[in-house]
Amino acid sequence: MPTAIITGASQGIGACIAKRLAKDGYDIAVNHYPSDGDRANAEAVAEECRAFGVRAELYAADVSKYADCEAMVKAVKADFGSVDALVNNAGITRDTLLARMKEEDYDAVIAVNQKSVYNMLRLVTAVMMKQRHGRIVNVSSVAGLYGNPGQVNYSASKAAIIGMTKSVAKEFGSRNITCNAVAPGLIRTPMTDVLSDELKAKMIEAVALRRYGEPEEIASVVSFLLSEDASYVTGQVIEISGGLSM
Ligand code: NAD
């Protein structure tokens, strides 16, 4: 069976992608942040994946750290034998207006959202090059395409992911490795639960479909981009925002 690594898969969009790819028939490497809470959540996700008859194992790694990613990719390769698909999903926010944004708020978001993608891309493309096959999806955001007040750090990290996606698509295309990005809009997850009702209502006003997106609606597009149906799609950014930007 093909193997997929999903970073930050203990909850939200990552958990949903893991389950969708298990349903699609992938063995799943469930990455989670090394904390007890994330481990417990990730174990529940892995259990749901196994219900589809595939293997699912947990890999604790802080993806902002290269050494953690290196150990994880090595372990996945040893456990499953190949890495066929990678979804760079882990992400955080430290939202505040630029005037109040501390250096540590900037650095933390860049480390988790952007440096992690470099770490995983570098390590996993080395495996995929030898296989002469690979499928990668990076989770960006509409904030990376259009910017957002209070998200200078976050939009910088998410815009960077788009540049990385296109560069990797060009660098590795001849090795039969595709690399695409998705740019979700407002999706119902623990990340957006913390926003005020007023802000949520204002944001939904700008969405043509006038509602939140569900994590399943991200997972289905990721599933397509990893599938053979998308074999001639690479270097693209698919916005999944209910028509936020028209
Ligand atoms: P979430 O907070 O529910 O989940 C994020 C996951 O990343 C969690 O499982 C968390 O433990 C993990 N994570 C955080 N730091 C990590 C680290 N250093 N190492 C390993 N794992 C780590 O958020 P979500 O809404 O599910 O977001 C998933 C992705 O989608 C993120 O990249 C986010 O930026 C992006 N996104 C979300 C929305 C939205 O509206 N929810 C919109 C656009 C983009």
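Observations on the structure shown:
- Loop-exposed trypsin sites (Lys or Arg not before Pro) per DSSP, neighbour cap 14 Cβ within 10 angstrom, longest uninterrupted part of the chain: 1-101
- Listed residue (L186, A169, G147) projecting farthest to the positive dipole end of the range 125-200, Cβ model: A169
- The distance linking the range 117-162 with the range 59-103 is 11 Å (Cα centroid to Cα centroid, whole angstrom).
- Qualifying GluC sites (Glu not before Pro) in the range 114-213, DSSP loop, other Cβ atoms within 10 Å at most 10: none
- For V54, solvent-accessible area (1.4 Å; no DNA, RNA or ligand), Å²: 10 Å²
- Each of I110, I218 has its accessible area taken with a 1.4 Å probe; listed largest first, they run I110, I218.
- Ignoring aspartates and glutamates fewer than eight residues from K202 along the same chain, the ones with Cα atoms less than 15 angstrom from its Cα are D193.
- M1 accessible area, assembled protein chains, probe 1.4 Å, Å²: 140 Å²
- Spread over its residues, the convex hull of the C-alpha atoms of the range 156-246 is 112 Å³ per residue.
- Spread of Cα-to-Cα distances over 10 Å intervals beginning at zero, given as percent, for the range 72-156: 17, 40, 24, 16, 3
- Those GluC sites (Glu not before Pro) in the range 48-121 that DSSP places in a loop and that have at most 12 other beta carbons within 10 Å: none
- The residues of the chain have, on average, 47 Å² of accessible surface per residue, using a 1.4 Å probe with all protein chains present.
- Taking the longest Cα principal axis of the chain as reference, the axis of helix 66-80 is set at about 40 degrees.
- The alpha carbon gyration tensor of the range 22-142 gives principal lengths a ≥ b ≥ c with a/c of 1.5 or higher and a/b greater than b/c, which makes the shape prolate.
- Within the chain, helix-based [θ] at 222 nm, where runs of 4 or more DSSP H residues each add -39,500 (n - 2.57), nearest 500: -14500 deg cm²/dmol
- The P(r) of the chain has a tail past 26 Å containing 34 percent of all C-alpha pairs.
- Across the cross-link table entries K115/K166; K23/K166; K115/K158; K23/K130; K23/K200, which are compared at the Cα atoms, the separations over 22 Å belong to K23/K166; K23/K130; K23/K200.
- Accessible surface, 1.4 Å probe, highest first, among residues M101, M191: M191, M101
The values are calculated or read from the model by the stated rules, or taken from the named source; none is laboratory data. Please read all numbers here as calculations on a predicted model, not as lab measurements. Cβ atoms come from the backbone with ideal geometry, glycine included; neighbour counts cover every protein chain shown. Keep in mind that these areas ignore ligands, DNA and RNA; they rest on the heavy atoms of the full protein, side chains included. Shrake-Rupley method; radii C 1.70, N 1.55, O 1.52, S 1.80 Å.
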